[in-house]
Amino acid sequence: EVDWFSLASILFLLMFAPLIVYYFIMSCDQYQCSLINPLIDLLTGKKHLSDIWDKTPTLTYRAAGIYTLWVAFQVFLYVFIPDFCHKFLPGYIGGLQEGAVTPAGVVNKYQINGLQAWIITHALWFANAYYFHFFSPTIIFDNWIPLLWCANILGYAVSTFAMIKGYFFPTDAKDCKFTGNFFYDYMMGIEFNPRLGKWFDFKLFFNGRPGIVAWTLINLSYAAKQQELYGQVTDSMILVNVLQGIYVLDFFWNETWYLKTIDICHDHFGWYLGWGDCVWLPYLYTLQGLYLVYHPVQLGTANTIGILMLGFIGYYIFRTTNHQKDLFRRTNGNCKIWGKKPEYIECSYMSVDGTKYYSKLLTSGFWGWARHFNYTGDLMGSLAYCLACGFEHFLPYFYIIFMAILLTHRCIRDEHRCFSKYGKDWKRYTAAVPYRLVPGIF
(Lines give C-alpha, C1' and ligand atoms only; values in the text may rest on other atoms or scores of the structure.)
Protein backbone atom coordinates (compact mmCIF):
# COMPACT_ATOMS: atom_id res chain seq x y z
CA GLU A 1 0.00 0.00 0.00
CA VAL A 2 1.14 3.54 -0.78
CA ASP A 3 0.97 5.82 2.26
CA TRP A 4 0.19 9.51 1.87
CA PHE A 5 3.74 10.64 2.65
CA SER A 6 5.25 8.39 -0.04
CA LEU A 7 2.67 9.58 -2.56
CA ALA A 8 3.30 13.25 -1.69
CA SER A 9 7.08 12.72 -2.04
CA ILE A 10 6.63 11.03 -5.40
CA LEU A 11 4.37 13.77 -6.74
CA PHE A 12 6.87 16.39 -5.56
CA LEU A 13 9.75 14.65 -7.34
CA LEU A 14 7.79 14.10 -10.55
CA MET A 15 6.84 17.77 -10.67
CA PHE A 16 9.97 19.46 -9.40
CA ALA A 17 13.04 17.22 -9.95
CA PRO A 18 13.33 18.21 -13.66
CA LEU A 19 12.92 21.87 -12.67
CA ILE A 20 15.63 21.55 -10.01
CA VAL A 21 18.09 20.19 -12.60
CA TYR A 22 17.17 22.96 -15.05
CA TYR A 23 17.51 25.62 -12.35
CA PHE A 24 21.02 24.53 -11.37
CA ILE A 25 22.27 24.37 -14.96
CA MET A 26 20.54 27.62 -15.92
CA SER A 27 22.04 29.35 -12.87
CA CYS A 28 25.52 28.55 -14.12
CA ASP A 29 24.74 29.47 -17.71
CA GLN A 30 23.09 32.82 -16.94
CA TYR A 31 24.09 33.77 -13.37
CA GLN A 32 27.65 32.49 -12.89
CA CYS A 33 26.38 29.62 -10.67
CA SER A 34 24.52 31.87 -8.21
CA LEU A 35 21.38 30.15 -6.94
CA ILE A 36 20.07 33.32 -5.24
CA ASN A 37 20.30 35.92 -8.00
CA PRO A 38 17.71 34.32 -10.32
CA LEU A 39 15.19 34.34 -7.45
CA ILE A 40 16.04 37.95 -6.58
CA ASP A 41 15.53 39.01 -10.20
CA LEU A 42 12.17 37.24 -10.36
CA LEU A 43 10.91 38.48 -6.98
CA THR A 44 11.92 42.10 -7.63
CA GLY A 45 10.44 42.06 -11.12
CA LYS A 46 13.79 42.74 -12.75
CA LYS A 47 13.21 39.67 -14.90
CA HIS A 48 10.31 37.41 -15.77
CA LEU A 49 10.34 33.65 -16.25
CA SER A 50 9.99 34.25 -19.97
CA ASP A 51 13.21 36.31 -19.97
CA ILE A 52 15.18 33.45 -18.40
CA TRP A 53 13.55 30.86 -20.65
CA ASP A 54 14.22 32.91 -23.80
CA LYS A 55 17.94 32.99 -22.96
CA THR A 56 18.04 29.23 -22.46
CA PRO A 57 19.58 27.30 -25.39
CA THR A 58 17.03 25.10 -27.16
CA LEU A 59 17.28 21.56 -28.46
CA THR A 60 19.46 21.45 -31.56
CA TYR A 61 19.98 18.89 -34.29
CA ARG A 62 23.65 18.81 -33.34
CA ALA A 63 22.91 17.92 -29.73
CA ALA A 64 20.31 15.34 -30.79
CA GLY A 65 22.85 13.73 -33.11
CA ILE A 66 25.57 13.70 -30.44
CA TYR A 67 23.27 12.18 -27.84
CA THR A 68 21.80 9.58 -30.19
CA LEU A 69 25.26 8.44 -31.27
CA TRP A 70 26.41 8.35 -27.65
CA VAL A 71 23.57 6.15 -26.42
CA ALA A 72 23.71 3.91 -29.50
CA PHE A 73 27.46 3.43 -29.03
CA GLN A 74 27.00 2.46 -25.38
CA VAL A 75 24.23 0.02 -26.32
CA PHE A 76 26.57 -1.49 -28.91
CA LEU A 77 29.40 -1.89 -26.37
CA TYR A 78 26.99 -3.34 -23.79
CA VAL A 79 25.18 -5.86 -25.98
CA PHE A 80 27.56 -6.86 -28.75
CA ILE A 81 31.10 -6.78 -27.30
CA PRO A 82 31.63 -9.64 -24.79
CA ASP A 83 33.99 -8.79 -21.98
CA PHE A 84 37.67 -9.57 -22.50
CA CYS A 85 39.12 -7.55 -19.59
CA HIS A 86 38.62 -10.41 -17.11
CA LYS A 87 40.98 -12.55 -19.22
CA PHE A 88 44.04 -10.40 -18.62
CA LEU A 89 43.34 -8.13 -15.61
CA PRO A 90 44.23 -9.99 -12.38
CA GLY A 91 41.52 -9.69 -9.73
CA TYR A 92 38.88 -8.31 -12.08
CA ILE A 93 35.64 -10.30 -12.32
CA GLY A 94 33.73 -9.74 -15.53
CA GLY A 95 32.09 -11.65 -18.34
CA LEU A 96 29.06 -13.83 -17.76
CA GLN A 97 27.86 -13.49 -14.14
CA GLU A 98 24.76 -14.35 -12.15
CA GLY A 99 22.72 -11.87 -10.16
CA ALA A 100 20.83 -12.39 -6.92
CA VAL A 101 17.66 -14.46 -6.73
CA THR A 102 14.62 -12.33 -7.59
CA PRO A 103 11.39 -12.49 -5.53
CA ALA A 104 9.99 -14.86 -8.17
CA GLY A 105 12.99 -17.18 -7.75
CA VAL A 106 14.70 -16.19 -11.01
CA VAL A 107 18.48 -15.88 -11.24
CA ASN A 108 19.30 -13.52 -14.10
CA LYS A 109 22.55 -13.74 -16.00
CA TYR A 110 24.48 -10.61 -16.94
CA GLN A 111 27.27 -9.79 -19.35
CA ILE A 112 29.53 -7.68 -17.12
CA ASN A 113 31.57 -5.49 -19.45
CA GLY A 114 31.29 -1.98 -18.00
CA LEU A 115 35.02 -1.57 -17.39
CA GLN A 116 35.68 -2.59 -20.97
CA ALA A 117 33.11 -0.08 -22.25
CA TRP A 118 34.71 2.65 -20.13
CA ILE A 119 38.22 1.84 -21.42
CA ILE A 120 37.17 1.72 -25.08
CA THR A 121 35.18 4.95 -24.79
CA HIS A 122 37.98 6.87 -23.10
CA ALA A 123 40.65 5.48 -25.41
CA LEU A 124 38.67 6.83 -28.36
CA TRP A 125 38.15 10.14 -26.55
CA PHE A 126 41.88 10.66 -25.97
CA ALA A 127 42.74 9.42 -29.48
CA ASN A 128 40.44 12.09 -30.88
CA ALA A 129 41.73 14.80 -28.55
CA TYR A 130 45.39 14.23 -29.39
CA TYR A 131 45.41 12.76 -32.91
CA PHE A 132 42.22 12.77 -34.97
CA HIS A 133 40.54 16.05 -33.91
CA PHE A 134 37.12 15.09 -35.27
CA PHE A 135 35.50 17.19 -32.52
CA SER A 136 36.64 19.50 -29.75
CA PRO A 137 37.14 18.05 -26.23
CA THR A 138 34.84 20.87 -25.07
CA ILE A 139 31.94 19.43 -27.09
CA ILE A 140 30.01 18.29 -24.02
CA PHE A 141 30.24 21.63 -22.22
CA ASP A 142 29.48 23.57 -25.39
CA ASN A 143 26.23 21.62 -25.88
CA TRP A 144 25.41 21.06 -22.20
CA ILE A 145 21.89 22.53 -22.09
CA PRO A 146 20.75 21.19 -25.50
CA LEU A 147 22.01 17.78 -24.34
CA LEU A 148 19.88 18.22 -21.20
CA TRP A 149 16.73 18.20 -23.34
CA CYS A 150 17.92 15.04 -25.08
CA ALA A 151 18.60 13.33 -21.74
CA ASN A 152 15.12 14.28 -20.52
CA ILE A 153 13.50 12.87 -23.65
CA LEU A 154 15.32 9.56 -23.20
CA GLY A 155 14.61 9.48 -19.45
CA TYR A 156 10.87 9.95 -19.89
CA ALA A 157 10.72 7.68 -22.94
CA VAL A 158 12.43 4.73 -21.25
CA SER A 159 10.41 5.19 -18.03
CA THR A 160 7.12 5.28 -19.95
CA PHE A 161 8.13 2.29 -22.07
CA ALA A 162 9.08 0.34 -18.93
CA MET A 163 5.64 0.97 -17.44
CA ILE A 164 3.81 -0.06 -20.61
CA LYS A 165 6.02 -3.13 -20.87
CA GLY A 166 5.24 -4.06 -17.27
CA TYR A 167 1.51 -4.06 -18.01
CA PHE A 168 1.44 -5.71 -21.42
CA PHE A 169 4.58 -7.79 -22.05
CA PRO A 170 6.71 -8.18 -18.90
CA THR A 171 9.89 -10.21 -18.95
CA ASP A 172 8.64 -12.15 -15.92
CA ALA A 173 5.06 -11.56 -14.78
CA LYS A 174 5.85 -12.96 -11.32
CA ASP A 175 8.45 -10.25 -10.75
CA CYS A 176 6.02 -7.40 -11.35
CA LYS A 177 4.65 -5.17 -8.57
CA PHE A 178 1.34 -3.32 -8.94
CA THR A 179 0.22 -0.97 -6.17
CA GLY A 180 -2.83 0.34 -8.00
CA ASN A 181 -1.48 3.88 -7.74
CA PHE A 182 -0.46 5.17 -11.17
CA PHE A 183 2.05 7.73 -9.91
CA TYR A 184 3.80 5.33 -7.55
CA ASP A 185 4.00 2.61 -10.19
CA TYR A 186 5.37 5.08 -12.74
CA MET A 187 7.96 6.45 -10.32
CA MET A 188 9.16 3.27 -8.60
CA GLY A 189 8.55 0.84 -11.44
CA ILE A 190 6.49 -2.26 -12.08
CA GLU A 191 8.99 -4.75 -13.47
CA PHE A 192 11.88 -5.93 -11.35
CA ASN A 193 14.21 -6.72 -14.25
CA PRO A 194 12.77 -5.52 -17.58
CA ARG A 195 14.74 -6.94 -20.48
CA LEU A 196 14.77 -6.91 -24.25
CA GLY A 197 16.18 -10.06 -25.74
CA LYS A 198 18.63 -12.15 -23.80
CA TRP A 199 21.15 -9.56 -22.65
CA PHE A 200 19.72 -6.03 -22.69
CA ASP A 201 18.83 -5.48 -19.04
CA PHE A 202 17.30 -2.02 -18.53
CA LYS A 203 18.33 -1.72 -14.90
CA LEU A 204 22.00 -2.62 -15.31
CA PHE A 205 22.39 -0.62 -18.53
CA PHE A 206 20.87 2.63 -17.29
CA ASN A 207 22.41 2.35 -13.82
CA GLY A 208 25.90 1.99 -15.26
CA ARG A 209 25.73 3.17 -18.86
CA PRO A 210 25.41 5.73 -20.36
CA GLY A 211 25.44 8.07 -17.32
CA ILE A 212 28.40 6.77 -15.33
CA VAL A 213 30.61 6.17 -18.37
CA ALA A 214 29.84 9.77 -19.32
CA TRP A 215 30.68 11.10 -15.84
CA THR A 216 34.44 11.14 -16.39
CA LEU A 217 34.06 12.38 -19.98
CA ILE A 218 31.95 15.29 -18.75
CA ASN A 219 34.67 16.22 -16.24
CA LEU A 220 37.33 15.99 -18.95
CA SER A 221 35.26 18.31 -21.12
CA TYR A 222 35.05 20.78 -18.23
CA ALA A 223 38.84 20.63 -17.83
CA ALA A 224 39.28 21.23 -21.56
CA LYS A 225 36.99 24.26 -21.32
CA GLN A 226 39.05 25.64 -18.45
CA GLN A 227 42.16 25.27 -20.59
CA GLU A 228 40.45 27.03 -23.49
CA LEU A 229 39.14 29.94 -21.39
CA TYR A 230 42.02 30.55 -18.98
CA GLY A 231 45.04 28.89 -20.56
CA GLN A 232 45.42 26.41 -17.69
CA VAL A 233 43.65 23.69 -15.75
CA THR A 234 43.45 24.50 -12.03
CA ASP A 235 44.55 22.13 -9.29
CA SER A 236 40.94 22.00 -8.07
CA MET A 237 39.71 20.78 -11.47
CA ILE A 238 42.44 18.14 -11.56
CA LEU A 239 41.47 17.08 -8.03
CA VAL A 240 37.78 16.71 -8.96
CA ASN A 241 38.71 14.70 -12.07
CA VAL A 242 40.99 12.40 -10.06
CA LEU A 243 38.65 11.77 -7.11
CA GLN A 244 35.53 11.27 -9.19
CA GLY A 245 37.51 9.23 -11.70
CA ILE A 246 38.53 6.84 -8.91
CA TYR A 247 34.89 6.52 -7.87
CA VAL A 248 33.78 5.71 -11.44
CA LEU A 249 36.58 3.20 -12.00
CA ASP A 250 35.78 1.55 -8.69
CA PHE A 251 32.17 1.18 -9.80
CA PHE A 252 33.14 -0.60 -13.00
CA TRP A 253 35.89 -2.69 -11.42
CA ASN A 254 33.30 -3.97 -8.94
CA GLU A 255 30.35 -4.14 -11.34
CA THR A 256 29.81 -7.83 -10.50
CA TRP A 257 29.60 -6.94 -6.81
CA TYR A 258 27.09 -4.23 -7.78
CA LEU A 259 24.66 -6.98 -8.83
CA LYS A 260 24.15 -7.69 -5.11
CA THR A 261 23.38 -4.09 -4.06
CA ILE A 262 20.06 -2.49 -3.21
CA ASP A 263 19.66 -0.94 -6.70
CA ILE A 264 19.72 -4.29 -8.47
CA CYS A 265 18.40 -6.58 -5.71
CA HIS A 266 15.43 -4.58 -4.47
CA ASP A 267 14.50 -1.60 -6.67
CA HIS A 268 12.11 -2.00 -9.56
CA PHE A 269 12.78 -0.09 -12.77
CA GLY A 270 10.71 3.05 -13.23
CA TRP A 271 11.14 6.80 -13.52
CA TYR A 272 13.25 6.88 -10.35
CA LEU A 273 16.01 4.88 -12.04
CA GLY A 274 15.25 5.55 -15.72
CA TRP A 275 15.02 9.35 -15.63
CA GLY A 276 17.36 9.59 -12.65
CA ASP A 277 20.19 7.78 -14.43
CA CYS A 278 19.70 9.74 -17.67
CA VAL A 279 19.34 13.23 -16.19
CA TRP A 280 19.89 13.56 -12.44
CA LEU A 281 23.14 11.59 -12.28
CA PRO A 282 25.11 13.13 -15.19
CA TYR A 283 23.88 16.67 -14.55
CA LEU A 284 23.93 17.03 -10.77
CA TYR A 285 26.76 14.62 -9.91
CA THR A 286 29.10 16.72 -12.07
CA LEU A 287 28.25 20.13 -10.60
CA GLN A 288 31.73 20.60 -9.11
CA GLY A 289 33.45 20.51 -12.50
CA LEU A 290 30.79 22.76 -14.06
CA TYR A 291 31.20 25.27 -11.24
CA LEU A 292 34.98 25.32 -11.69
CA VAL A 293 34.59 26.30 -15.35
CA TYR A 294 32.83 29.49 -14.25
CA HIS A 295 34.84 29.98 -11.04
CA PRO A 296 38.36 28.53 -11.39
CA VAL A 297 39.84 27.87 -7.96
CA GLN A 298 43.53 27.45 -7.14
CA LEU A 299 43.71 25.55 -3.88
CA GLY A 300 47.44 25.54 -3.30
CA THR A 301 49.55 22.56 -2.32
CA ALA A 302 48.47 22.23 1.33
CA ASN A 303 44.73 22.43 0.63
CA THR A 304 44.99 20.10 -2.33
CA ILE A 305 46.82 17.46 -0.29
CA GLY A 306 44.36 17.82 2.60
CA ILE A 307 41.29 17.39 0.38
CA LEU A 308 42.96 14.58 -1.54
CA MET A 309 43.66 12.74 1.72
CA LEU A 310 40.02 13.17 2.82
CA GLY A 311 38.91 11.72 -0.50
CA PHE A 312 41.36 8.82 -0.29
CA ILE A 313 40.41 8.00 3.31
CA GLY A 314 36.74 8.09 2.36
CA TYR A 315 37.38 5.82 -0.58
CA TYR A 316 39.44 3.44 1.57
CA ILE A 317 36.62 3.17 4.11
CA PHE A 318 34.01 2.74 1.36
CA ARG A 319 35.91 0.05 -0.47
CA THR A 320 37.30 -1.80 2.59
CA THR A 321 33.89 -1.92 4.27
CA ASN A 322 32.27 -3.36 1.16
CA HIS A 323 35.13 -5.82 0.74
CA GLN A 324 34.75 -7.07 4.33
CA LYS A 325 31.07 -7.77 3.80
CA ASP A 326 31.65 -9.41 0.43
CA LEU A 327 34.45 -11.61 1.84
CA PHE A 328 32.26 -12.60 4.79
CA ARG A 329 29.40 -13.58 2.48
CA ARG A 330 31.53 -15.48 -0.01
CA THR A 331 33.24 -17.56 2.67
CA ASN A 332 30.17 -17.92 4.90
CA GLY A 333 32.20 -16.43 7.73
CA ASN A 334 35.26 -18.66 7.26
CA CYS A 335 37.70 -15.78 6.86
CA LYS A 336 39.60 -13.20 8.85
CA ILE A 337 38.60 -9.57 9.30
CA TRP A 338 41.39 -7.38 10.64
CA GLY A 339 43.40 -10.54 11.39
CA LYS A 340 40.71 -12.21 13.51
CA LYS A 341 37.78 -14.52 12.98
CA PRO A 342 34.72 -12.39 12.26
CA GLU A 343 32.01 -11.89 14.84
CA TYR A 344 28.41 -12.19 13.69
CA ILE A 345 24.83 -12.80 14.73
CA GLU A 346 22.96 -15.85 13.48
CA CYS A 347 19.59 -14.93 11.99
CA SER A 348 16.67 -16.79 10.45
CA TYR A 349 13.82 -15.73 8.22
CA MET A 350 10.87 -17.26 6.39
CA SER A 351 10.33 -16.97 2.65
CA VAL A 352 6.91 -16.41 1.11
CA ASP A 353 6.45 -20.14 0.53
CA GLY A 354 7.12 -20.88 4.21
CA THR A 355 10.68 -22.15 3.85
CA LYS A 356 13.00 -21.23 6.70
CA TYR A 357 16.44 -19.83 5.83
CA TYR A 358 19.45 -18.89 7.93
CA SER A 359 21.78 -15.93 7.55
CA LYS A 360 24.65 -14.22 9.33
CA LEU A 361 25.01 -10.52 10.08
CA LEU A 362 28.60 -9.30 10.45
CA THR A 363 29.39 -7.34 13.62
CA SER A 364 33.17 -6.96 13.41
CA GLY A 365 35.57 -4.91 11.33
CA PHE A 366 34.06 -1.67 10.05
CA TRP A 367 30.65 -3.34 10.33
CA GLY A 368 31.09 -3.32 14.09
CA TRP A 369 31.57 0.46 14.03
CA ALA A 370 28.30 1.28 12.28
CA ARG A 371 25.61 -0.58 10.36
CA HIS A 372 26.25 1.38 7.14
CA PHE A 373 29.85 2.49 7.50
CA ASN A 374 30.38 2.09 3.74
CA TYR A 375 28.00 5.04 3.31
CA THR A 376 30.12 7.03 5.77
CA GLY A 377 33.13 6.57 3.50
CA ASP A 378 31.01 7.53 0.49
CA LEU A 379 29.96 10.75 2.22
CA MET A 380 33.57 11.62 3.05
CA GLY A 381 34.48 11.29 -0.61
CA SER A 382 31.46 13.37 -1.60
CA LEU A 383 32.52 16.12 0.80
CA ALA A 384 36.01 16.14 -0.73
CA TYR A 385 34.55 16.85 -4.19
CA CYS A 386 32.70 19.84 -2.79
CA LEU A 387 35.59 21.23 -0.73
CA ALA A 388 37.69 21.39 -3.90
CA CYS A 389 35.41 24.23 -5.05
CA GLY A 390 36.08 26.57 -2.13
CA PHE A 391 33.34 28.38 -0.21
CA GLU A 392 32.22 31.20 -2.49
CA HIS A 393 28.97 29.58 -3.68
CA PHE A 394 26.48 27.05 -2.36
CA LEU A 395 25.91 25.30 -5.70
CA PRO A 396 28.78 22.75 -5.61
CA TYR A 397 27.74 21.72 -2.07
CA PHE A 398 24.33 20.54 -3.24
CA TYR A 399 25.95 17.17 -3.94
CA ILE A 400 26.96 16.41 -0.34
CA ILE A 401 23.54 17.54 0.93
CA PHE A 402 21.77 15.34 -1.61
CA MET A 403 24.00 12.34 -0.87
CA ALA A 404 23.47 12.74 2.89
CA ILE A 405 19.69 12.71 2.38
CA LEU A 406 19.84 9.85 -0.13
CA LEU A 407 22.06 7.59 1.96
CA THR A 408 20.23 8.32 5.21
CA HIS A 409 16.98 7.42 3.45
CA ARG A 410 18.61 4.24 2.17
CA CYS A 411 19.69 3.36 5.70
CA ILE A 412 16.14 3.72 6.97
CA ARG A 413 14.61 1.90 3.98
CA ASP A 414 17.11 -0.95 4.21
CA GLU A 415 16.67 -1.34 7.96
CA HIS A 416 12.89 -1.34 7.67
CA ARG A 417 13.16 -4.19 5.18
CA CYS A 418 15.66 -6.05 7.41
CA PHE A 419 13.43 -5.69 10.46
CA SER A 420 10.52 -7.11 8.46
CA LYS A 421 12.75 -9.95 7.34
CA TYR A 422 14.61 -10.86 10.55
CA GLY A 423 12.29 -9.65 13.34
CA LYS A 424 13.75 -10.14 16.81
CA ASP A 425 17.12 -11.18 15.33
CA TRP A 426 17.39 -7.72 13.78
CA LYS A 427 16.85 -6.18 17.21
CA ARG A 428 19.74 -8.26 18.51
CA TYR A 429 21.87 -6.99 15.66
CA THR A 430 21.03 -3.32 16.23
CA ALA A 431 21.78 -3.79 19.95
CA ALA A 432 25.23 -5.14 19.02
CA VAL A 433 25.84 -2.37 16.44
CA PRO A 434 23.83 0.60 17.73
CA TYR A 435 24.93 3.30 15.26
CA ARG A 436 23.91 3.73 11.64
CA LEU A 437 26.54 6.00 10.07
CA VAL A 438 28.77 7.78 12.58
CA PRO A 439 30.00 5.82 15.63
CA GLY A 440 28.93 7.48 18.87
CA ILE A 441 26.73 10.04 17.09
CA PHE A 442 24.23 8.57 14.61
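The values are calculated or read from the model by the stated rules, or taken from the named source; none is laboratory data. Everything numeric in this text was worked out from a predicted model, so none of it was measured. Cβ placement follows ideal geometry from the backbone for every residue including glycine, while neighbour counts extend to all protein chains displayed. Keep in mind that these areas ignore ligands, DNA and RNA; they rest on the heavy atoms of the full protein, side chains included. Shrake-Rupley method; radii C 1.70, N 1.55, O 1.52, S 1.80 Å.
A compact table of results
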| quantity | calculated |
| --- | --- |
| Computed E for residue 169/residue 51 - FRET, C-beta separation, R0 60 angstrom, nearest 0.05 | 0.85 |
| Net length gained if the chain between residue 301 and residue 430 were fully extended (0.36 nm per residue, minus Cα distance) | 42.2 nm |
| Packing-based order for 175-184, 303-312, 213-222, using average beta carbon neighbours within 10 Å, highest first | 213-222, 303-312, 175-184 |
| Against the rule of thumb 2.2 N^0.38 Å, how large the Cα Rg of region 281-399 comes out | 1.47 |
| Calculated [θ] (222 nm, deg cm²/dmol) that DSSP helices of n ≥ 4 give over the chain, each run adding -39,500 (n - 2.57) | -18500 deg cm²/dmol |
| Above-threshold pairs, the threshold being 25 Å between Cα atoms, out of 203/341; 174/325; 203/325 | 203/341; 174/325 |
| Region 1-298: Rg to Rh, with Rh as the Kirkwood radius over Cα pairs | 0.98 |
| Local net charge near residue 249, Cβ-Cβ under 13 Å (Lys/Arg +1, Asp/Glu -1) | -1 |
| Paramagnetic reach from residue 406 (point 7 Å along Cα→Cβ, amide N under 12 Å) across region 270-300 | 273, 276-287 |
| Simple label model, 7 Å out from Cα along Cβ direction - residue 442 to residue 331, nm | 3.3 |
| Electrostatic dipole magnitude of region 137-248 [Cβ: Lys, Arg +1; Asp, Glu -1; Cα centre; debye, to 20] | 340 |
| Surface/4 of the Cα convex hull for region 24-177, nm² | 14.5 |
| Accessible surface, region 303-384, averaged per residue in Å² (probe 1.4 Å) | 53 |
| Ordering of 61-71, 18-28 by packing [mean C-beta count within 10 Å, highest first] | 18-28, 61-71 |
| Straight-distance crosslink candidates among aspartates and glutamates, where the alpha carbon sits under 20 Å from residue 260 and sequence neighbours closer than 8 are dropped | 83, 98, 172, 175, 191, 201, 250, 277, 326, 378, 414, 415 |
| Proximal charge balance of residue 268 [Cβ under 11 Å; K/R count +1, D/E count -1] | -3 |
| Within the accessible area of region 48-200 (1.4 Å probe), percent carbon and sulfur | 70 |
| Contour excess over end-to-end distance, with Cα ends at residue 6 and residue 100 and 0.36 nm allotted per residue | 31.2 nm |
| Trypsin sites (Lys or Arg not before Pro) restricted to region 290-352 and DSSP loop, no more than 14 other C-beta within 10 Å | 336 |
| Extended-chain gain in nm, criterion 0.36 nm per residue less alpha-carbon gap, residue 358 and residue 346 | 3.6 nm |
